[in-house]
């Protein structure tokens, strides 16, 4: 069994809290490092094991991630917990490798238009970066997992519809470059479940590697899309507590799939997540306190769990 | 082709606006008849054809439905539009038949506990009422469609989990009693998509009749459940504009599935609804004006439709 299958066991659903990175990309108030540590610690106590904790970007531009190294240590100290950090350029890769973070995510845009506009590089250059990252991983002592995240994989804010065959080709190239995991992201929440299911199934069947599906709830399809991704064989899904994280291309829109609702979905489909929903919902208090201006979404927090009578009506 | 297949054509998705009945069950401010007529008229202009418009209950207890007869006429005057009203007792049945409403819905609880607590009658008595309603339908000149709605079909606020075989037996009895349509309702929003899909598929396969799926978004599963119901063969789905309609058993929880998001889901799955989402979203202004204190939900209204570029990224 390779290392990636220890972190993301086959047949088991792994739910990743991305609120500490994707969720903080656009917020106005940043939680303190102390608040982030409580957030991680309390979610860990609720059963969460996978945390995207920040990115190695210039702290001058993204001060909310200035404490990423401290959070790498926070997660590393929790038995069985797994930390993930995002990188964009070579400097960030070197810093991430030096930090000892367990998983490094690097982005490739699904469309050339978005790649040039967002990262000022071609998709081929982005894939070359992943290849280089994998070489450094192989030369490292701690061998972090390399995650190639394909943004705009289900619709692009610049190019519009995205050809799924193109995404499949990019995924193939990422795996060929040495990526351990490929992520497909509905970055702007354009897709419905049919499209998510079809793309997920194609990449799961093609690769045999773990596939992560990263969904935004921009148009209310988040949970339905997650359900379709699970049906199609994805076993790694991203979400953020309270749906934290807006969308720069749809002001006022909701952000990532609501983590606690995602847990409910998985459990309702018979996938044990190991996460206690009521304990998870209670962690929202930390976010409310640390970011009083940020709207939190989610239905479980409002409605609570169904009444748990075990008797079946005659 | 029987009448019911004209109203709910096979293979085509029919989306029913239930906000004027289920959506108004718990609101504090009631829209005026004029506002309701604008609501119906503007949704009709957006392409909606199926409207649940009220119930024949004592106006002293449910003053919000006192104008149901006028709304029956409003809908009847719109070519191709179809009005639905709810009844609970024999007096209501007679009034509904006399009103000429095109469809009469009568409720059976999935559990004996809920039937006794909510309607003070057994489930067998509720089914006997449907049988009598069908006899009257057959003796009537306009032959309204009879809809047997099975409440708590996916979980009961009193009995907890509900045995799907029990719901299937009740559905069989309703069809045997002469019902044209059977509805399965997740009244308290307990279910996930796996459960909804399995029950829907069983009843669709068993009956050959149209099956309506009525979902609440209490725990955020509404759209995912609707997607599963469509996959399982249901072609009639209920929703309410802005998700109007709370849940008496979960204070503060969202209500029916958001109608406009449901349209987006169907279209994304390749089911043409005939409904213009932007025109539909614009109708929310009528609800906001008529019921300023009621929260409206929904993602399409916040985020808008995806950018509609037709070019596919190279």
Exposure proxy check on B:291, B:221: fewest-to-most Cβ neighbours within 10 Å is B:291, B:221
Checking B:253, B:185, B:303 against a Gaussian network model of chain B (alpha-carbon springs below 10 Å), the top fluctuating residue turns out to be B:303
at residue B:10 the sorted inter-copy label distances (label 7 Å from Cα on Cβ side), in nanometres, are 4.4
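Got a sec? How would A:69, B:288, A:132, B:21 order by Cβ neighbour count within 10 Å, fewest to most?
In order of increasing Cβ crowding within 10 Å: B:288, A:132, A:69, B:21.
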For A:117-125, A:44-52, ranked highest to lowest by mean beta-carbon neighbours within 10 Å, the order is A:44-52, A:117-125
Rounded to the nearest Å, the spacing of the alpha-carbon centers of region B:139-186 and region A:258-284 is 31
Relative contact order in percent for region A:165-310 (Cα pairs under 8 Å, 6+ apart) equals 19
Relative contact order as a percentage, chain B, C-alpha pairs under 8 Å and 6+ apart, gives 20
Most exposed to least, judged by fewest other Cβ atoms within 10 Å, A:200, B:74, A:254, A:61 sort to A:61, B:74, A:200, A:254
Computed over chain B, the convex hull of the Cα set has an average projected area, in nm², of 15.9
For residue B:172, inter-copy label-point distances (7 Å, Cα→Cβ), nm, shortest first, read 5.1
So residue A:124 and residue A:26, fully extended at 0.36 nm per residue minus their Cα-Cα distance, gain in nm 32.5 nm
Inter-chain shielding metric for A:293-302, i.e. average beta-carbon neighbours from other chains within 10 angstrom, reads 3
Largest fluctuation, B:142, B:82, B:114 only, Gaussian network model of chain B with Cα springs under 10 angstrom, belongs to B:142
Over all directions, the protein assembly as shown yields a Cα convex hull whose mean projected area in nm² is 26.8
Sorted largest first, the C-alpha extents of region B:183-314 along its principal axes in whole angstrom are 48, 41, 25
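Shielding by partners for A:227-235, please: the mean number of other protein chain Cβ atoms within 10 Å of each residue's Cβ.
Averaged over the peptide's residues, the number is 3.
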For residue B:205, inter-copy label-point distances (7 Å, Cα→Cβ), nm, shortest first, read 2.3
Within 10 Å of the Cβ of an average residue in B:28-36, the count of other chain Cβ atoms is 0
Computed from the beta carbon distance with a Förster radius of 41 Å, FRET efficiency for residue B:10 and residue A:163 to the nearest 0.05 stands at 0.80
Zone reached by a paramagnetic label modelled 7 Å from residue B:267 Cα along Cα→Cβ, restricted to region A:164-194 with backbone N below 14 Å, covers A:190-192
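Let's test the formula: R0 of 60 Å, r as the Cβ-Cβ distance of residue B:60 and residue A:279. What FRET efficiency results, to the nearest 0.05? Let's see the in-between values first.
On the way: r = 46 Å, r/R0 = 0.77.
Rounded to the nearest 0.05, the efficiency is 0.85.
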As a percent rounded to 5, the proportion of antiparallel DSSP bridges among beta bridges in chain A is 5
Counting all Cα-Cα pairs in region A:76-144, those more than 19 Å apart amount in percent to 36
Here the Kirkwood hydrodynamic radius of region A:2-117, Cα-based and in Å, equals 14.9
Here the percent of antiparallel bridges among DSSP beta bridges lying wholly in the protein assembly as shown, to the nearest 5, is 5
What one gets for region B:1-42 as the Kirkwood radius, inverse of mean 1/r over different Cα pairs in Å, is 12.6
With no solvent term and unit scatterers on the alpha-carbon positions of region B:79-213, Debye gives log₁₀ I(q)/I(0) at q = 0.11, 0.14, 0.17 Å⁻¹ of -0.37, -0.59, -0.86
In region A:166-263 the DSSP beta bridges are antiparallel at a rate, in percent to nearest 5, of 10
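Quick one: which of A:94-107, B:5-18 comes out on top by average Cβ neighbours within 10 Å, and what's the full order, highest first?
Peptide ranking by packing, descending: A:94-107, B:5-18.
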The value for region A:138-214 (convex hull of the alpha-carbon atoms, volume per residue, Å³) is 92
In the A-onto-B rotation, chain A's nearest residue to the axis by C-beta, with distance in whole Å, turns out to be A:224, 2
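No lab work stands behind these numbers, since they all come straight from the coordinates. Nothing here was measured: the structure is a model prediction, and the numbers come from that model. Note that we place each Cβ from the backbone using ideal geometry, even for glycine, and neighbour counts take in every protein chain shown.
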